[in-house]
Each structure stands twice: as structure tokens, then as C-alpha cells.
Amino acid sequence: MNRQSPQFSSVPADLLPRLAARGIDVLVLALGLVGLGRIMGFGFDWLAVGTGIVLGYFVGLDALFGATLGKAAFGLRVVGPDGAPPTLRQALIRESFTVLGSIPFVGVLLAVGAWVWISLSIRRNELRQGKHDLLAGGTRVVRRSFAATEVV
């Protein structure tokens, strides 16, 4: 059974809207995490809780709705190979790189390296699948279709 929403096409989303969507997500998360840090302090506990929040945000929203707030704002959606939202397992594999930034001292470098690797792989793939999409079993980011819809 294909649970793909009719308003979304199978047209791959380009890199720039994907990066802009991620930027919105990072901004939303950063504001929340700074607020959390002001409450609980910016120590190891904050880092551990923050990592869980970041991973939970991306994995949970992708698996439940097929889109984070940023993706929804840009009319993007993550789909599995069957066109439905990714499974929890696929979303977890796909978003696991987000924890790299939490590694003390080298996290920023690792995260930037992962972003470059993923961005280059998206640009080189015909379906705009990054390495994280391929590792997750073939997930894709598609864009909203602007085709006319039937009126019943």
C-alpha cells in the first residue's frame, strides 16, 4: 500500500532548499537548546540531553510526518523507497550523523566534514540522494507538486 500524499511528487528536492530547510531546523533547535542551557547549565548533562533532543527532533518528525519544521516550510518531504514516510529505523540511520556535532573538541569538524560529504553526494546523485539516504535504505527528499489536483 502506498501511503504517499498526493500533494507531494516523486521529484527529487535540490540541494539549496534542503540546506535552507536544515538551517531553519538548526535555528529552532539552537534557540531551544540555548534556553535549556540557561536553565540547567551548559555542562555535560546539557550536552547529553541536547544530543537526544536533536536526534529525537529529526528522527521523530521524519518518521511520523515525513518532514521537520524546516522541510515543511520549504514544501519538502522525506520518503522511504515505497513513497511513504521513512520507518523509524530508516529515519534513525538517515539522521544519525546529527550527533557528530556533540562530540567534545572535534564535533564541529566532524559535523562539517559530514555535511560536505553528504552535500557532495546529493549533488552527484541523479535522485539527489545523499550518502545518508543510501545508507538508510534508499530514502529520498522530494518536493511538493504544483500540478493541478482533481476536485471530487
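Bear in mind that the values in this text are calculations on the coordinates, not laboratory data. Worth saying up front: this structure is predicted, and the values here are computed from it rather than measured. Note that each Cβ is placed from the backbone with ideal geometry, even for glycine, and that neighbours are counted across all protein chains shown.
Before moving on, here are some points about what is shown:
- Full-stretch length increase - Val11, Ala72 - with 0.36 nm per residue and alpha-carbon distance subtracted: 20.4 nm
- Restricting the chymotrypsin sites (Phe, Trp or Tyr not before Pro) of the stretch 49-152 to loop positions (DSSP other than H, G, I, E, B) with no more than 12 neighbouring Cβ atoms within 10 Å leaves Phe105, Phe146.
- For the stretch 76-152, GluC sites (Glu not before Pro) are listed when DSSP marks them as loop and at most 16 other Cβ atoms sit within 10 Å of their Cβ; the list is Glu126, Glu150.
- Projected label distance in nm at Arg123 and Ala48, using a 7 Å step from Cα toward the beta-carbon: 4.0
- Spin-label model, Ile39 to Leu134: label points 7 Å out along the Cα-to-beta-carbon direction sit 4.1 nm apart.
- Near Ile24, once Lys and Arg are set to +1 and Asp and Glu to -1 for all other residues with Cβ below 12 Å from its Cβ, the sum equals +2.
- Among Leu100, Ala114, Gly37 - extreme Cα towards positive end, dipole of the chain, charges at beta-carbon: Ala114
- With contacts taken as Cα pairs under 8 Å and at least 6 residues apart, the chain reaches a relative contact order of 33 percent.
- Farthest positive-ward along the chain dipole, Cα basis, beta-carbon charges - from Leu19, Ala63, Gly50: Leu19
- Helix-only mean residue ellipticity at 222 nm for the chain, each DSSP H run of n ≥ 4 adding -39500 (n - 2.57), per residue, nearest 500: -18000 deg cm²/dmol
- Taking the Cα centre of the stretch 17-138 as origin and assigning +1 to Lys and Arg Cβ atoms and -1 to Asp and Glu Cβ atoms, the resulting dipole is close to 280 debye.
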